[in-house]
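Take a look at the structure below.
The values are calculated or read from the model by the stated rules, or taken from the named source; none is laboratory data. No experiment lies behind these values; they were computed from the predicted model shown. Using ideal geometry, Cβ is built from the backbone for each residue, glycine included, and neighbour counts are taken over all protein chains shown. When the accessible area is computed, the model is the full protein with side chains, heavy atoms only, and any ligands, DNA or RNA have been set aside. Shrake-Rupley method; radii C 1.70, N 1.55, O 1.52, S 1.80 Å.
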Amino acid sequence: MSPRLFLHIMSVEARSGMSYRVDFWINSVVGFLAHFGLMYFLWSAMFTESGAERIGGYDFPTILFYFVAVILFGKLVRGPEMQGGISNDIYEGGLNRYLVFPSSYFLFKYAQNLGALLPALMQLVLFGVWFLLLLDLPPDVALTPLTVLMGLASIAVANLLYFVLLFPLQCVAFWADNVWSLSVALRFVSGILGGFLLPLSVFPEAAQKILAWLPFRFLYDFPVNVVLGRVPTAEWAVGLATALGWACLVGVAGR
């Protein structure tokens with residue numbers, strides 16, 4: 001697929017995602033406030049009841065920044081989850097027209113996935129700046145231009161990894177009449193084991209050792225801690241290479 005066609009597909013998908021702007025922003029703002037409000041009161045109660053100053057290596061202000069980041073990053077990592085696009089192409093016969101195109105079906109769908117991320121990227125910038133102005137950075141957060149750049153690279157790899165994890169599940173539609181539950185299962189499992197619902201450092205030490213060998217931690221926990229300045233540069237490089245290795249491995253399965 002030529003770069004020009006790839007960018008054109010991204011552009012079309014981005015414009016499609018912003019067609020209903022009012023609905024888009026209402027859902028974005030309400031969804032963010034509801035999720036953040038839930039995490040705020042939940043962790044406030046946990047710190048109050050436990051009497052601990054730190055849980056899983058995080059104090060309360062830092063854990064708030066963690067969840068601000070993870071909520072915003074989650075939209076970029078998961079993307080539109082292809083909205084059943086691949087399985088629908090299989091069920092409805094739409095896949096046939098792609099087979100005669102002189103381009104890769106995988107790359108076509110990945111371009112659509114990236115195009116759908118552009119509105120979410122706008123949310124990340126706007127909400128991120130708003131929270132930085134509203135809240136003071138905790139001492140544990142070392143947010144710098146370098147960590148932001150490292151974090152953006154980590155998010156890009158996390159999005160690719162999530163895409164290739166979801167791709168073979170959608171392709172199960174060749175043999176099953178419903179694959180929606182598989183996509184939900186991936187979102188649920190990756191949310192727990194990847195750090196979206198809670199930081200991985202709160203797991204028991206034995207569980208953390210197991211999670212370190214799985215790809216899910218590179219979806220949420222790793223990018224967030226990179227941005228917060230809690231991951232050294234050398235460890236970030238190794239983590240990024242490992243995540244790319246997982247993406248290649250799972251991509252072969254999807255192929």
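In contact (Cβ under 8 Å) with a residue 60 or more places away in the chain, crowded, with 17+ Cβ neighbours inside 10 Å, under 28 Å from P3 (Cβ atoms) and touching a Pro at 6+ places or on another chain (Cβ under 9 Å): is that true of A111 in this structure? In short, no. The residues of the range 215-230 that are modelled with pLDDT of 90 or more and touching a helix residue (DSSP H, G or I) at 6+ places or on another chain (Cβ under 6 Å), listed by number, are P215, F216, R217, F218, L219, Y220, D221, F222, P223, V224, V226, V227. Scanning the range 212-231 for residues that are assigned to a helix (DSSP H, G or I) and either among the aromatic types (F, W, Y) or on the phi > 0 side of the Ramachandran plot (or both) returns F216, F218, F222.
Of the residues contained in the range 81-92, one or more are found to be open to solvent by less than 40 Å² (accessible area, probe 1.4 Å) and under 15 Å from the mean Cα position of the chain (by Cα). G191 satisfies every condition listed in (1) assigned to a helix (DSSP H, G or I); (2) buried (at least 20 other Cβ atoms within 10 Å of the Cβ); (3) at pLDDT 90 or above except (2).
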